[in-house]
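The values are calculated or read from the model by the stated rules, or taken from the named source; none is laboratory data. Just so you know, these numbers come straight off a predicted model, no measurement behind them. Virtual Cβ from ideal backbone geometry, glycine too; neighbours counted across all protein chains shown. Accessible surface areas use protein heavy atoms only, side chains included; no ligands, DNA or RNA. Shrake-Rupley method; radii C 1.70, N 1.55, O 1.52, S 1.80 Å.
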Amino acid sequence: MCTLIQRQQLIMPPSKPRISTYTEPIDSLPPDDVLFGRSAAMKGVRSLAAKVCNINAPVLFWGDGGTGKEAVARWIHLHSPNAGGQFVKVNCAAIPGTLLESELFGYEKGAFTGAHAAKPGRVELAQNGTLFLDEIADLDSGLQSKLLQFLQDGSFSRIGGTEEKSVDTRLICATSKDLEREIEAGTFRADLYYRINVVRMRLPRLRERSEDISLIAEYFHAQFQERFSKSAEPLSTAMLQYLENLEWPGNIRELSNGIARHVLVGAEANIGLDWAVKARNSASGNGTGNVPLKQVSREAVRAREKTLILDALKANQWNRRKTAEALKISYRTLIYKIRDAGLISKRSQIASMPRLGAPETSHPSAD
């Protein structure tokens with residue numbers, strides 16, 4: 001027989017507490033100088049974004065995931081006459097095609113099983129605001145046709161309804177795919193592409209704007225300390241220079257996660273460790289001159305790291321514990337990096353390794 005508690009558990013499902021995670025978006029946009037940075041790659045984006053704010057024309061963002069397409073779209077919305085309306089985001093890749101139509105255009109009561117009441121779609125919620133369609137390349141052909149009709153005359157009907165509804169909204173789309181190639185492959189309508197491709201902006205990869213990395217990292221560092229109510233080690237100059245030399249395949253999103261890890265775990269979190277490990281395990285050149293670009297990047301990062309460690313060792317009279325403190329990394333991590341960089345031979349390092357509890361002395365022969 002079930003106990004009373006067991007019966008209650010069968011009747012009432014356990015509640016799901018809301019857990020705050022670092023993947024939740026930061027409430028407000030960063031300052032303009034952080035959002036657009038100071039790189040030449042973003043100057044054109046900022047100039048074009050400022051020009052289209054007051055023009056109700058479709059905007060198409062194109063770029064890798066994590067490059068900040070949604071953030072710039074929100075900036076345009078906030079600086080446009082539609083700022084008083086809602087910024088309504090729809091991730092076309094995250095919602096199954098069978099549900100996306102009702103999510104976009106809404107439905108009437110009784111339109112399908114479970115439709116006990118009418119529900120407006122995202123398009124209606126964006127009245128006098130901005131409709132942001134992320135990953136628009138993932139729309140299926142049927143929805144592409146309905147979206148095209150809406151863009152042509154500004155009207156649509158809910159699922160199960162016959163009434164034509166009109167909405168005045170601004171459309172901003174984003175994609176990480178090459179839509180022209182998608183058209184050639186037959187997966188995206190050319191006429192829809194021409195409708196949404198009035199103003200096109202390409203968001204550069206983070207490695208293409210490396211001079212902005214320090215500014216963005218410092219911003220995330222302050223934001224995550226406030227969000228987690230946690231005081232973290234500051235980002236040293238050496239660490240910021242190190243971050244500027246990483247490849248960042250995940251772009252700003254990867255940097256954000258790395259800084260969050262630094263705030264939560266500490267300086268030993270190794271912000272760029274994931275990329276460094278992948279790079280180190282990649283295939284090396286065959287000596288014929290056909291050296292992969294990733295290997296060139298890897299060697300550049302390792303050379304820069306070696307220089308930073310060597311400079312720090314010299315500045316601290318070769319005291320490795322003080323050097324680790326100066327670089328904001330753990331002593332064990334420094335020893336590993338010294339050995340990996342070839343600054344000390346394995347034999348001399350073992351010989352000079354201080355015993356547990358013994359004070360460390362200077363070792364001028366460390367280079």
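Every residue, every condition in (1) surrounded by fewer than 14 Cβ atoms within 10 Å (Cβ to Cβ); (2) under 25 Å from the mean Cα position of the chain (by Cα); (3) in a strand (DSSP E or B); (4) at pLDDT below 95, yes or no:
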site	(1), (2), (3), (4)
PHE61	no, yes, yes, no
THR67	no, yes, no, no
ARG74	no, yes, no, no
VAL88	no, yes, yes, no
THR98	yes, no, no, yes
GLY110	yes, no, no, yes
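Starting from residues that are of a type outside the set (S, T, N, Q) and without any contact (Cβ under 8 Å) to a residue 12 or more places away in the chain, keep the ones in region 315-331 and report whichever is least open to solvent (accessible area, probe 1.4 Å). Explain how you work it out, then say what you get.
Just the residues of region 315-331 that are of a type outside the set (S, T, N, Q), to begin with: 315, 318, 320-322, 324-329, 331.
In the following step, the residues that additionally are without any contact (Cβ under 8 Å) to a residue 12 or more places away in the chain were identified as 315, 322, 324-325, 331.
On the way: ALA315: 71, LYS322: 114, ALA324: 4, GLU325: 129, TYR331: 48 Å².
Going through the qualifying residues, I end up with ALA324.
Residues being assigned to a helix (DSSP H, G or I), surrounded by fewer than 20 Cβ atoms within 10 Å (Cβ to Cβ) and in contact (Cβ under 8 Å) with a residue 24 or more places away in the chain: count how many of those fall in region 224-233. Steps first, please.
Step one: list which residues in region 224-233 are assigned to a helix (DSSP H, G or I), which gives 224-228.
Narrowing the set further to residues that are surrounded by fewer than 20 Cβ atoms within 10 Å (Cβ to Cβ) leaves 225-228.
Then keep just the ones that are in contact (Cβ under 8 Å) with a residue 24 or more places away in the chain; that gives 225, 227-228.
Residues in region 224-233 being assigned to a helix (DSSP H, G or I), surrounded by fewer than 20 Cβ atoms within 10 Å (Cβ to Cβ) and in contact (Cβ under 8 Å) with a residue 24 or more places away in the chain: 3 in total.
Only one of SER236, SER256, SER284 is on the phi < 0 side of the Ramachandran plot, among the hydroxyl-bearing types (Ser, Thr, Tyr), modelled with pLDDT under 90 and open to solvent by less than 70 Å² (accessible area, probe 1.4 Å). Can you tell me which?
Numbers: SER256 fails: modelled with pLDDT under 90; SER284 fails: open to solvent by less than 70 Å² (accessible area, probe 1.4 Å).
Step by step, each of SER236, SER256, SER284 is checked, and only SER236 is on the phi < 0 side of the Ramachandran plot, among the hydroxyl-bearing types (Ser, Thr, Tyr), modelled with pLDDT under 90 and open to solvent by less than 70 Å² (accessible area, probe 1.4 Å).
Considering region 320-367 alone, what residues qualify as being modelled with pLDDT of 75 or more and either over 30 Å from ALA232 (Cα atoms) or of a type in the set (Asp, Glu) (or both)?
GLU325, ASP340
Return the only residue of LEU215, LEU125 being open to solvent by 40 Å² or more (accessible area, probe 1.4 Å), among the hydrophobic types (A, V, I, L, M, F, W, C), touching an Asp or Glu at 6+ places or on another chain (Cβ under 9 Å) and over 19 Å from PRO96 (Cα atoms).
Details: LEU125 fails: touching an Asp or Glu at 6+ places or on another chain (Cβ under 9 Å).
So the residue among LEU215, LEU125 that is open to solvent by 40 Å² or more (accessible area, probe 1.4 Å), among the hydrophobic types (A, V, I, L, M, F, W, C), touching an Asp or Glu at 6+ places or on another chain (Cβ under 9 Å) and over 19 Å from PRO96 (Cα atoms) is LEU215.
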